[in-house]
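One structure is given below, encoded as structure tokens.
What follows draws every value from the coordinates through simple rules; no lab data is involved. Here the structure is a predicted model, which is why all the values come from computation and not from measurement. Cβ coordinates were reconstructed from backbone atoms using ideal geometry, including for glycine residues, and neighbour counts include every protein chain displayed.
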Amino acid sequence: MTDETGEHPYHVRAGRHFNWPTHHASSVFGDGWFGKRAETFARFFGTPVFLIAQTAIVGAWILINIGGWTKFDPYPFILLNLMFSLQAAYAAPLILLAQTRQADRDKLDAAADAQHREDLAAATEQRQIIAAQQAAHLVELMKQNTELTQLTRDLSERIEKMTSEMHGKVISGRV
């Protein structure tokens, strides 16, 4: 079904083309380089690569200091604790930033989905109105057809009656 421009009045959600904007939220943290990089970094915190790498670095840190190769951070590993605190101090805001940016995108998606549902409802309502109009038109055409059929039958009966009368007059010679 197309509109007067030949275009579909609404587009399927899974399609590439939408009639509403998506993912154009202006984040409080900005959409620039910092916001995007911070979000990428925050997302990296939850990956297996990060967890395995951090575990390997911490293990090597402890082995180097316990094994005696060097003593830059002897037991109880105060410098390692400081590094964890520093990491947590940066990780928490970055994770919150990523969550906020995702919430902004989710809000836009929800608004786009709501608009899509409204567009579908409007298109469905329009199709129902057109279907009702066409059904009413068909009923009217059937009524007219029935009237024409009745008129044709009446005329055929009159012609048959007149033909019989004419035939009777011709036979009796009273023309």
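Using the Karplus curve 6.51 cos²θ - 1.76 cosθ + 1.60 with θ = phi - 60°, what ³J(HN,Hα) values do you get for each residue of region 151-157, in whole Hz, with x for Gly and Pro?
Karplus-based 3J(HN,Hα) across region 151-157 equals 4, 4, 5, 4, 5, 4, 5 Hz.
Just to confirm the filter: which trypsin sites (Lys or Arg not before Pro) across region 47-110 are DSSP coil and have at most 16 other Cβ within 10 angstrom of their Cβ?
When the trypsin sites (Lys or Arg not before Pro) of region 47-110 are filtered for loop state and at most 16 Cβ neighbours within 10 Å, Lys71 remain.
Can you give me the relative contact order of region 36-175 as a percent, contacts being Cα pairs under 8 Å and 6 or more apart?
23
What does the C-alpha gyration tensor say about the overall shape of region 33-130? Classify as rounded when a/c is under 1.5, otherwise prolate if a/b is larger than b/c, or oblate.
prolate
Given the options Pro48, Phe72, Leu82, identify the residue whose Cα lies farthest towards the positive end of the charge dipole of region 33-130 (+1 on Cβ of Lys, Arg; -1 on Cβ of Asp, Glu).
Positive-most Cα among the choices belongs to Phe72.
Roughly how many whole Å is it from the C-alpha centroid of region 130-175 to that of region 70-118?
After rounding, the separation between the Cα centres reads 85 Å.
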